[in-house]
Amino acid sequence: MYCGLDIQSDKIFAVCGLFDNKDEKFIDISCQSGPARGIKNGKISELGLLAESVSRVLNSFGANASGRIKSLYVSTYSASLKASQSVGTIPVSERSSKIITSGDISRANHQAYCLGLNIEERVLHQIIQGYVIDKQNRVLNPLGLYGHTLEADTLLITALVQDTDSLISAVERSGFKVKSLVLAGYAAGLVLPDSLRMKGCCLFEIGFDSTQMLIFKEGLIRGFEAFPFGANDVTEAIAKELKVPLDTALALKLSHGNIIPNSVNPDTEVLLKKEQSYRPLKRQVLCEIIERKWREFFGLAKERLAGYQQGLGLPEGIVVSGRDVLLEGLLESFEANLGIPSRLAKMENPSLNDPSYFVSAGLLKYALLERPPFNILKLSSYGNIFQKITNKSRELYQEYF
């Protein structure tokens, strides 16, 4: 039983699935959601309130399902998320060229990990971008090749330890074990077709109060950016300018919103409830507020996207997932403002094609990728030790003979 938990500042989305090892597929998938309390702008303010919220959502699966959940895969939208490049270089041989072993690759990866990490940060993901042999030959997999030195080019995605520890503590207070913290956009990207990630695309995962941008190429994350802008920023702008409560502003946005005001009939009016009465509001006025707020985001996104587009190319264009993706005119605005063809993210499983569960469904795929391989011949830990000795003997032989 696997469970993906997508925790945002206003709501929690969970997808629980029972995986059949024989048929290599999920045979039972269910979804639950509920309000989140004790978290704001990616920061946890009250552990107890968030723990109660998590417990309420997970227990809503029923005692039979929730009792079988041994560990959770949890997404994060932490405000401290960042990406950095790190290079680890190791000598393979001081004399003649030597065959590069899995041990050499591990040492280069570990050095890149250590050099790129600050003491107050936790590494969520270490994505190897490639290897350089003898400072000239760049490859994706150096195993079995010959060289004097090996460089590991790594992209590290990190968050502050205090943020990640608080999130883990809140979830574990609810009585469930956190198996892994996963970048929300990374999880969403796993649900995309492999062809998009291989050829090259840009994914925008729109959260409640932040948006994550991930660049995919050759199946790898090549870049990551986080923006302090989410669906709630637009709702707050509507509430402020129209002087209405947030829940009224949200209802207006979802029912009558459009990012392209010129596409709306200028004579169309909507009824705006204010205190004990209703007053007419031009729909175009509402849409102009929405457009202005999104234009601020597009200004930031275009600047950061330009470098990736020039260096990598994005033949599959932009894919948009998350909050407000069904807002009228959203995809057209992405395309018009960023100058790249845009599409809505879709899942292969039609039962999970609700945009709200995109990240939590991706967490299930992440869980499958992380699970250890099943080996029916592995009867004890002796097999592991024997395999390690065999591999080490092979590496020593290759080193000296």
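Checked against the criteria, Leu272 counts as in contact (Cβ under 8 Å) with a residue 24 or more places away in the chain and touching a helix residue (DSSP H, G or I) at 6+ places or on another chain (Cβ under 9 Å).
Scanning region 90-106 for residues that are out of contact with any helix residue (DSSP H, G or I) (no Cβ under 7 Å at 6 or more places or on another chain) and either assigned to a strand (DSSP E or B) or β-branched (Val, Ile, Thr) (or both) turns up Pro91, Ile100, Ile105.
Filter region 184-206 down to residues that are touching a Lys or Arg at 6+ places or on another chain (Cβ under 6 Å) and not in a strand (DSSP E or B) and give me whichever is nearest to Phe13 (Cα to Cα). Restricting to residues being touching a Lys or Arg at 6+ places or on another chain (Cβ under 6 Å) and not in a strand (DSSP E or B), the top hit is Leu190.
Among the residues making up region 200-215, those that are over 12 Å from the mean Cα position of the chain (by Cα) and within 15 Å of Gly311 (Cβ to Cβ) are Gly200, Cys201, Cys202. On the stretch given as region 4-41, residues that are free of Cβ contacts under 8 Å to residues at least 24 places away in the same chain, more than 25 Å from Leu167 (Cβ to Cβ) and open to solvent by 50 Å² or more (accessible area, probe 1.4 Å) total 6. Selection over region 168-195 of residues that are open to solvent by 10 Å² or more (accessible area, probe 1.4 Å), more than 26 Å from Leu115 (Cβ to Cβ) and under 17 Å from the mean Cα position of the chain (by Cα) gives a count of 6. Can you tell which of Ser342, Ser321, Ser263, Ser277 is loosely packed, with under 15 Cβ neighbours inside 10 Å, among the polar types (S, T, N, Q) and at pLDDT 90 or above? It is Ser263. With respect to (1) open to solvent by 10 Å² or more (accessible area, probe 1.4 Å); (2) under 24 Å from Val182 (Cβ atoms); (3) in contact with a helix residue (DSSP H, G or I) (Cβ under 7 Å, 6 or more places away or on another chain), the lone exception for Ser86 is condition (1). Of all the residues in region 67-82, those that are part of a strand (DSSP E or B) and surrounded by 18 or more Cβ atoms within 10 Å (Cβ to Cβ) number 5. As a summary of the residue check, Gly144 satisfies the conditions (1) among the small types (Gly, Ala, Ser); (2) farther than 27 Å from Arg37 by Cα; (3) modelled with pLDDT of 95 or more except for the one numbered (3). Among the residues of this structure, Arg95 does not count as one that is in contact with a strand residue (DSSP E or B) (Cβ under 9 Å, 6 or more places away or on another chain) and open to solvent by 20 Å² or more (accessible area, probe 1.4 Å).
Report whether or not Asp165 is of a type outside the set (Gly, Ala, Ser), surrounded by fewer than 16 Cβ atoms within 10 Å (Cβ to Cβ) and more than 30 Å from Val132 (Cα to Cα). Yes; evaluated as a whole, the condition is true for this residue. The residues in region 197-228 that are on the phi > 0 side of the Ramachandran plot and surrounded by fewer than 18 Cβ atoms within 10 Å (Cβ to Cβ) can be counted, and the count is 2.
Within region 229-251, how many residues turn out to be open to solvent by less than 10 Å² (accessible area, probe 1.4 Å) and assigned to a helix (DSSP H, G or I)? Result for region 229-251: 5.
Out of region 1-50, which residues are within 18 Å of Ile69 (Cβ to Cβ), touching a Gly at 6+ places or on another chain (Cβ under 8 Å) and outside any strand (DSSP E or B)? Listed by number, the residues that qualify are Met1, Leu50.
The set of residues from region 42-66 being open to solvent by 50 Å² or more (accessible area, probe 1.4 Å), more than 17 Å from Ser169 (Cβ to Cβ) and touching a helix residue (DSSP H, G or I) at 6+ places or on another chain (Cβ under 9 Å) comprises Asn59, Ser60.
The values are calculated or read from the model by the stated rules, or taken from the named source; none is laboratory data. This structure is a prediction, so every number in the text was calculated from the model and none was measured. Because the Cβ atoms are built from the backbone with ideal geometry, glycine has one as well, and the counts that use them run over all protein chains shown. Calculation scope for accessible area: heavy atoms of the full protein, side chains included, ligands and nucleic acids excluded. Shrake-Rupley method; radii C 1.70, N 1.55, O 1.52, S 1.80 Å.
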